[in-house]
Every structure is written in structure tokens, then in C-alpha cells.
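What follows is a set of notes on a single structure, which appears directly below.
The values are calculated or read from the model by the stated rules, or taken from the named source; none is laboratory data. Predicted model only: the values in this text are computed from it and were never measured. A quick note on method: Cβ atoms are made from the backbone with ideal geometry, for glycine too, and the neighbour counts reach across all protein chains shown. To get the accessible areas, we keep the full protein, side chains included, count just its heavy atoms, and leave off ligands, DNA and RNA. Shrake-Rupley method; radii C 1.70, N 1.55, O 1.52, S 1.80 Å.
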2 protein chains.
Amino acid sequence: MGLFTSPIKTMDDLYLHTLQDIYYAEKQITKALPVMIGKATNPALKRAFEKHLGETEKQITRLDEVFSALGEKAKGTTCPAIDGIIKEANELISECDDHEVRDAAMLAAAQAVEHYEITRYGTLISWSKQLGKTKVVKLLEQTLAEEKATDEKLTQLGETNVNKKAAA
Amino acid sequence: MGLFTSPIKTMDDLYLHTLQDIYYAEKQITKALPVMIGKATNPALKRAFEKHLGETEKQITRLDEVFSALGEKAKGTTCPAIDGIIKEANELISECDDHEVRDAAMLAAAQAVEHYEITRYGTLISWSKQLGKTKVVKLLEQTLAEEKATDEKLTQLGETNVNKKAAA
């Protein structure tokens, strides 16, 4: 969650910072995905990344709605976790010589990103309920369902196509 | 996965590097957890962290067995993803003034760690099967089941105890 400008004193502060953390993360993902789309050689993987980029843009709009519903300004705060996950993905991609192996590596990297989003949205939904911010629960649940579906789709794509080709 | 000493040419190379990545990650977690145990004030959360530290040590031993079964030397490789996740957790912990809010923040941070492990072990299991490394699948599956159970336990602890107190 980076270096905050203000200390975290209450659960409301922690909630807002976590919202800013995932907002920053989603924005970083929209920068990372086009690179992965450009490098993916497996057509099904490329399509999955393209679809997820469109979804991520909608998820940012949904977060804008969440901030607005809470009477807060939409903004991000540096998130070392997603920065680390993306840094690792970029290093790995650049070190893979074979394009099928690179596809398998990118698929795994995308799943690491999905799992970061799954845990953060899960936490935010739990906190929203406990803090009585019920009006944003449905918005966050919609995104969580999409992230879980994307992760599941990537698992299937790995098992039936991408990793299979790379391991052949 | 850090800066590799050798490029990744085959799926076997990618597999070995991912094994080294999670080995490094598990070792970093055994360093991070004692700090969180020291700072946790909720007794149930403290116990959950203590239990997970014991489990993590067993999971490292299990990874030693995996390396050994594959005829490889057990070693880690710098993993920017877990470093980022732990850096974020430490920054957040230091910025929480209230001990109940800090407990809620640590619970969320621990779940982010769990999800990183869940995605990496999931990938390794899938690759083990595709690469014919069937003798290590059961070992990796044991750890994955533990990570999922810990994540689920933390979710329940948040909903029934830790976050509830912090939000009160």
C-alpha cells in the first residue's frame, strides 16, 4: 500500500487505503497486459489476455463507482505487491527464449495477478459488510466473480492448450 | 523469479525456476511470520500465525523432498513478487496506530501471501503432471491443500472475530 500520506487509525482508513491499493493495481495491470498481448503467440492465450484487458478497464470504472458511492475521490496509492508481481513477470518474460515456454510463463504470471486481485477484493467485500458499506458490496462481488472466472479459464487453458504445447 | 543465472529455454528450466521461486518465497515467509506473531494482539490470530509458521517450515522440508526426488539441489531464487507482498505488509503494519486495525491489516496481508502460494503451487502441480514429474505431485498437492485451508481459516477468523472487533 506504499507510503501513506496519513496514518491508518481506523478500519475506515484501512478500508480506503485498500481500495486505493487495488485501484492502483488495476491501473498497473492495464499497462502490463498490452505487453503480454504483444508477446503472446498462442492465439487462445492472446484472446484471453485481450478479454481480460477489457474486463480490467470495466473493473476500474466499477471502482470509480465504489469511490463515488462512498463519497470519496477515486485515486490510487502505490502498491509494492502488484509492482513486485509485475516486475517478476517482466523479468521472467524477458528470460524465456522459446515462445511456447514464454506463453506458459505468461499464463502463470497472469494467474499470480488474478490471485492478488481475488484476495484484495475478498478482503474488501468482507470489510464492506462489517463496516456497513452495503451499497458497494454488489459492485465488488461482480469484479471478484470475474477474477475467479478468469483464473479458472487460465487454468483450463494451461491444462488443455498452452502448457501442453510448451511441454511437448 | 529474479535475475536468473541461466536463460530459460525449456519447460523443465521454467519448472525448476518456479520451484526455486516458491522455495525462496517460503523462506521469506518464515522470516515475516515471527514479526506478525509478535505484533498480533488478537489471541486467535496469533495462534493462526504460529500454526502457519510451523506449517511453512514443514512445507520447506517438503520442497527439499521435491528437489531431491527430481535429482536437483534445493535452492531459492529471488522472487520480487513475495518481496513486494511482504514489503507492502510491513509498511502497512507500521502505519496502523490501533492494534485491532493492525490485526485486521495483518490478517489481510497473510491472505495475500496465501494466495501467492496457492497460485504458484497450482501452477507447479499442473506443470508436474504435464512434464511427467508424477512422483512430486502428491507432495505439492499436500502443501496446496494446506494453503487453501489456511486461507479459508483466515477468512472465517476475519468474519467472526478479528475484523469484527476492529470495525466495532
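Data for the structure
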| read-out | value |
| --- | --- |
| Approximate spin-label separation residue A:12-residue B:99, in nm, with each point projected 7 Å along Cα-to-Cβ | 2.4 nm |
| Solvent-accessible area, 1.4 Å probe, carbon plus sulfur percent, for chain B | 53 percent |
| Efficiency of FRET between residue B:129 and residue A:152 - r from beta-carbon atoms, R0 30 angstrom, step 0.05 | 0.95 |
| Interface size B-A, as summed buried accessible area [1.4 Å probe, Å², nearest 100] | 3800 Å² |
| Cβ charges +1 (Lys, Arg) and -1 (Asp, Glu), total dipole of the protein assembly as shown, debye | 320 debye |
| Folded to 0 to 90 degrees: helix A:80-95 orientation relative to chain A principal axis, Cα | 10 degrees |
| Peptide-level mean, for A:101-113, of C-beta atoms on other protein chains within 10 Å | 5 |
| Cβ-placed point charges (K, R +1; D, E -1), dipole of chain A about Cα centre in debye, nearest 20 | 460 debye |
| Residue-span extension gain [residue B:27 to residue B:91] - 0.36 nm each, minus C-alpha spacing | 21.1 nm |
| Alpha-carbon gyration tensor eigenvalues x 5, square-rooted, for chain A, Å | 32, 16, 12 |
| Position residue B:64, label points 7 Å along Cα→Cβ, spacing to each other copy in nm (shortest first, one decimal) | 5.4 |
| Pseudo-label separations to other copies for residue A:94 - Cα-to-Cβ vector, 7 Å, nm | 2.8 |
| Too-long pairs where the Cα-Cα distance tops 21 Å, listed order kept, from A:164/B:73; B:46/B:75; A:58/A:135; A:87/A:165 | A:164/B:73; B:46/B:75; A:87/A:165 |
| Relative contact order (percent, whole number), chain B, Cα cutoff 8 Å, 6+ residue spacing | 29 percent |
| Solvent-accessible area per residue, Å², over chain A with all protein chains present [probe radius 1.4 Å] | 40 Å² |
| Nearest-0.05 FRET efficiency for residue A:73 and residue B:57, computed from C-beta distance (R0 35 Å) | 0.20 |
| Dipole magnitude of segment A:64-163, debye to nearest 20 (Cβ charges: Lys/Arg +1, Asp/Glu -1, about Cα centre) | 900 debye |
| Reference-scaled alpha-carbon Rg (2.2 N^0.38 Å with N residues) for the protein assembly as shown | 0.96 |
| Cβ-based charge dipole, segment B:79-168, positive-most Cα from B:93, B:155, B:123 | B:123 |
| Residue (of B:104, B:68, B:53) at the positive-pole extreme of segment B:1-111, dipole from beta-carbon charges | B:68 |
